[in-house]
Amino acid sequence: MDGVTVIDHPLVQHKLTIMRKKETSTAGFRRLLREISTLLCYEVTRDLEMTHETIETPMTKMEAPILEGKKLVFASILRAGNGLLEGMLDLVPSARVSHVGVYRDHETLEAIEYFFKAPEDIAERLVIIVDPMLATGNSAIAAIDRLKERGVTNMRFLCLLAAPEGIKKFRESHPDVPVYTASIDSHLNEKGYIVPGLGDAGDRMYGTK
Ligand code: URA
């Protein structure tokens, strides 16, 4: 699918299967989410631009590769996005973090924004938006609308699971933002949950209902 990358690394797929199981505990789910997010982060950053700097090893001088440009921003869509943050920050500890609070109205499934915090110069940075579930697409679309209002032009969206309906709506709204996911599942049910999915990601990671 155009603009959508499915991360089919065997470790990602194996961990995802355990996360999907209804008997996986809250602690197990959280640990796996942290592990899997590190692997997803590795994949979503694999083509970052590089430059070189002159360094001195104990042996000699050399031109060594380093990341080009300003530090990345990870933008977490609250609250479930935070579950992906920790593992990503393990891998890129110098990244800046933005939080975007949008919740789904359970009647209309529309995204309602209640919180937004971002680095001052976010428009000059690559922003990786994270949310485990791309379901209706409404929250992701609303978060990206908000980031674009702040002048952000360079974005990627990273999730664990995506529904075909969500991907379609997302790509229609933001064709310039590539999507990375570990799986494209079958469909959304009438309540807006991904099937087969893994249930409510926030509830599963925090032990709420
Ligand atoms: N959000 C979730 O946590 N799970 C879904 O299946 C859909 C949206």
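Quick note: the coordinates plus some simple rules give every number you see, no bench work behind them. As the structure is a computational prediction, the values presented were derived from the model and not from experiment. We place every Cβ from the backbone using ideal geometry, glycine too, and count neighbours over all the protein chains shown.
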> Restricting attention to the stretch 65-116, which GluC sites (Glu not before Pro) occupy a DSSP loop and are surrounded by at most 11 other Cβ atoms within 10 Å?
Replying inline: Glu68, Glu107
>> What is the angle, in °, between the Cα long axis of helix 164-173 and the longest principal axis of the Cα atoms in the chain? Nearest 10 is fine, range 0 to 90.
In response: 60 degrees
> If one computes the Cα centroid of the stretch 69-135 and of the stretch 138-157, what distance in Å separates the two points?
Replying inline: 10 Å
> Considering only DSSP beta bridges with both partners in the chain, what is the antiparallel share in %, to the nearest 5?
Replying inline: 40 percent
> Which of Ala140, Ala64, Ala27 moves most in a GNM of the chain, Cα contacts under 10 Å?
Replying inline: Ala64
> Taking only Cα atoms, what is the 0 to 90° angle, nearest 10, from helix 138-149's long axis to the longest principal axis of the chain?
Replying inline: 40 degrees
>> If you consider only alpha-carbon coordinates, what radius of gyration and Dmax does the stretch 102-209 have, in Å?
In response: 13.8, 40
>> List the GluC sites (Glu not before Pro) within the stretch 128-209 that DSSP assigns to loop and that have no more than 13 neighbouring Cβ atoms inside 10 Å.
In response: Glu190
>> If R₀ is 25 angstrom, what is the calculated FRET efficiency for the pair Glu23 and Arg46, using the beta carbon separation as r and rounding to 0.05?
In response: 0.15
> Helix 10-20 sits at what angle to the longest principal axis of the chain, using alpha carbons and giving 0 to 90 degrees rounded to 10?
Replying inline: 30 degrees
>> Given axes a ≥ b ≥ c from the Cα gyration tensor, I'd like to know whether the chain is rounded (a/c under 1.5), prolate (a/b larger than b/c) or oblate.
In response: prolate
>> Using Cβ contacts closer than 10 Å as the measure, can you line up His174, His106 from fewest to most?
In response: His106, His174
> Looking at the stretch 1-64, which GluC sites (Glu not before Pro) are DSSP coil and have at most 11 other C-beta atoms within 10 Å of their C-beta?
Replying inline: Glu23, Glu49
>> Need one number: nm distance between label points at Glu56 and Arg150, each 7 Å from Cα along Cα→Cβ, rounded to one decimal.
In response: 4.1 nm
> Which of Lys169/Lys191; Lys21/Lys117; Lys148/Lys168; Lys15/Lys191; Lys15/Lys148; Lys148/Lys169 have a Cα-Cα distance over 24 Å?
Replying inline: Lys21/Lys117; Lys15/Lys191; Lys15/Lys148
> What do the square roots of 5 times the Cα gyration tensor eigenvalues come to for the stretch 44-95, in whole Å, largest first, as semi-axes of the equivalent ellipsoid?
Replying inline: 31, 12, 8
>> Using a Förster radius of 25 Å, what is the FRET efficiency between Ile112 and Lys168 based on their Cβ-Cβ separation? Nearest 0.05, please.
In response: 0.70
>> Less than 16 Å from a label point 7 Å out along the Cα-to-Cβ axis of Lys191: which backbone N atoms in the stretch 1-29 qualify, by residue?
In response: 22
> Could you work out the helix-only [θ] at 222 nm for the chain, with each DSSP H run of four or more residues adding -39,500 (n - 2.57) and the total divided by the number of residues, to the nearest 500 deg cm²/dmol?
Replying inline: -10000 deg cm²/dmol
> Residue separation times 0.36 nm, minus the C-alpha to C-alpha distance between Glu35 and Thr208: what's the value?
Replying inline: 60.2 nm
